[in-house]
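Everything below concerns the one structure shown next.
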Amino acid sequence: MSQELVAEDLLQKIEDKEYTIGIVGLGYVGLPLMWTFHDAGMPVIGYDIDQEKIDCLHEGRPYIKHLGEKMMKRLAGSDRCDATADFSHLSEADAILMCVPTPLDHHREPDMQYVEKTAMTIGENLREGQLVILESTTYPGTTEELIIPILESKSNLTAGEDFYVAYSPEREDPGNIDFDTGSIPKVVGGHTQEGIELACAMYDTAIVETVPVSDTKTAEAVKITENVFRAVNIALVNELKVVFQEMDINVHEVLDAADTKPFGFMKFVPGPGLGGHCIPIDPFYLTWKAREYEENTRFIELAGEINTSMPQYVVDQTLKALNAHQKPMNGSKVLVIGLAYKPDVDDQRESPSFKIMDLLEEYGAEVSFYDPHIPAIKPTREHPEWTGKESIGWNEEVVSEHDAVIISTNHSDVDYQELAEWSDCIVDSRHEMNGIERKSNIHIWQA
Ligand SMILES: NC(=O)c1ccc[n+]([C@@H]2O[C@H](COP(=O)([O-])OP(=O)(O)OC[C@H]3O[C@@H](n4cnc5c(N)ncnc54)[C@H](O)[C@@H]3O)[C@@H](O)[C@H]2O)c1
């Protein structure tokens, strides 16, 4: 078939909603995408190397708490949904979305092994007329410089002629009740004109709006820019928090009042540091790539420095709080509330709570944690020593035996009124105790 006919054939299938979508990597990004396309009426096939996730999808067992059981049951019961760890089935999909991890390695440089392996597997199974889209967050240039050469060399097919390629960053915000995958506009950059047209047509079948940009590297840069913007602004309010604290000014009151300005100000909230798979990591993909052009990313480095210093600040405030109670940190029992990196999710990746617990332990404290979403700590590459540690139970006897309690993540299903009754030494890094009625002898330290 000629190049035009291959593209036209696929476009027709997409417009008729008679195409099958394959999603590689069924984690925090891939699973909601699978649901969104399924919900829009498309047949979906999920692929993952993790057999446990595949079994969960077949059996309707949830493995990402905030997505709920109902969604998993509906996917499991649907004849338009399949999941497999057998990648030879990749040829059954007309469009393939890559949603695999892009972490940093031990040298804080991009760890592209998951993306590379996935591209190899797709390349080995690629057939004429397929559309491949990278959704993982990455440095500008990845699709053209890394993905396409792998796909071409493994398949002996030519991108833009035999198959089509695009990049579209995922903007999913787990736990956000106002926006989900389907209602967040999708930025799309194509390798060729056909690539962008096909990708936009495909997202249009399930997602509220597509925002086409010039090419794949522009789309890659959009995602990095969004996350640099967050990292820098969070660093700014974290710095202001520390300065205003010394001046006895409540940073939250300042930010709330500043937020009444109808233009030129956007409110960010200070906290105990950055967490998750995105904001602490993605900006450094650009830092790494910029070096190739002999450019520095000083803003990113500075924001990283400030944000990574925040757990130490929280622990310093805890030292002061204990001191006020005439207790040394060494030997004190300290409870950390919230292990997940943000409220109401079970994602512990890069959570600043780990760093806080490490520091507390270094100072000789006896550390425990409470997290209603994480009954036991899952294995991590950076903090293997905490693996398997269990959350304490939420009851007065257990909570009140701690000398200090740190609110690191403010899950909404924690009863902070009860906390105020059960503990007299609370270090609050989330401003969660604001408005909570306190006992007369309770001391709440802002951190
Ligand atoms: N988590 C978020 O909120 C979020 C938001 C926007 C963008 N992103 C980006 O999306 C990408 C995926 O993130 P995530 O949070 O969904 O990761 P995740 O770890 O939750 O899921 C990734 C999945 O990919 C699977 N996988 C790994 N290697 C594979 C391979 N070779 N073949 C098939 N499957 C493989 C893993 O088993 C896992 O199930 C990352 O680039 C991330 O930066 C994440």
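The values are calculated or read from the model by the stated rules, or taken from the named source; none is laboratory data. Just so it is clear, the structure is predicted and the values come from calculations on it, not from any experiment. Note: ideal-geometry Cβ built from the backbone for every residue, glycine included; neighbour counts use all protein chains shown. Note: areas computed on protein heavy atoms with side chains; ligands, DNA, RNA excluded. Shrake-Rupley method; radii C 1.70, N 1.55, O 1.52, S 1.80 Å.
Charge dipole (Cα centre; +1 on Lys/Arg Cβ, -1 on Asp/Glu Cβ; no other charges) of the range 309-446 amounts to roughly 400 debye. Each Lys and Arg Cβ is given +1 and each Asp and Glu Cβ -1; about its Cα centre, the chain then shows a dipole of about 820 debye. Within the range 389-447, the GluC sites (Glu not before Pro) that combine a DSSP coil assignment with at most 11 other C-beta atoms in a 10 angstrom radius are GLU437. With contacts taken as Cα pairs under 8 Å at a separation of at least 6 residues, the chain carries a relative contact order of 11 percent.
For the range 312-326, backbone phi angles converted through the Karplus equation (6.51, -1.76, 1.60; θ = phi - 60°) give residue-by-residue couplings of 5, 4, 4, 5, 4, 5, 5, 4, 5, 4, 5, 4, 4, 8, 6 Hz, Gly and Pro being listed as x.
With the charge dipole of the chain set up from +1 on Lys and Arg Cβ and -1 on Asp and Glu Cβ about the Cα centre, the Cα lying farthest toward the positive end among the listed residues SER309, PHE87, GLY182 is that of SER309.
Averaged over its residues, the range 3-214 has an accessible area of 41 Å² per residue, based on protein heavy atoms and a 1.4 Å probe. Each of the peptides 349-362, 295-308 was scored by the mean count of other Cβ atoms within 10 Å over its residues; in descending order, highest first, they stand as 349-362, 295-308. Amide H contacts of GLN446 (H built 1.01 Å from N, in plane; Pro and chain starts excluded): ASP428 sit under 5 Å, all sequence-distant by 5 or more or on other chains.
Could you tell me which of the pairs LYS333/LYS389; LYS17/LYS53; LYS73/LYS378 are separated by over 21 angstrom between their Cα atoms in the structure shown? Listed pairs above 21 Å: LYS17/LYS53; LYS73/LYS378. Enclosing the Cα atoms of the range 44-135 in their convex hull gives a volume equal to 113 cubic angstrom per residue. Accessible surface comparison of TYR28, TYR293, probe 1.4 Å, protein chains only, largest first: the order is TYR293, TYR28. Bridgeable lysines around LYS289 (alpha carbons under 17 Å apart, same-chain partners fewer than 8 residues away excluded): LYS217, LYS223. Comparing ILE300, ILE407, ILE234 along the charge dipole axis of the chain, the residue lying farthest to the positive side is ILE407, per the Cβ-charge model. For LYS267, a cut-off of 19 angstrom between C-alpha atoms picks up these lysines, skipping any fewer than 8 places away in its own chain: LYS241, LYS342. From the Kirkwood radius over Cα pairs of the chain, Stokes-Einstein at 25 °C and 0.890 mPa s returns a whole-number translational diffusion coefficient of 104 µm²/s. Relative contact order, whole percent, for the range 10-107 stands at 36, derived from Cα pairs under 8 Å and 6 or more residues apart. Positive-end ranking of CYS200, GLY22, VAL367 along the dipole of the chain, with charges on Cβ about the Cα centre, is headed by VAL367. Positive contributions from Lys and Arg (+1) and negative ones from Asp and Glu (-1), summed over other residues with Cβ under 12 Å from the Cβ of VAL315, come out at -2. Share of carbon and sulfur in the accessible area of the chain stands at 49%, probe radius 1.4 Å. Put simply, the range 309-446 fits an ellipsoid with semi-axes of 21, 17, 13 Å; these come from the alpha carbon gyration tensor as the roots of five times its eigenvalues, largest first. With one equal scatterer per alpha carbon and no solvent term, the Debye-computed log10 I(q)/I(0) for the range 3-214 at 0.18 1/Å reads -1.37.
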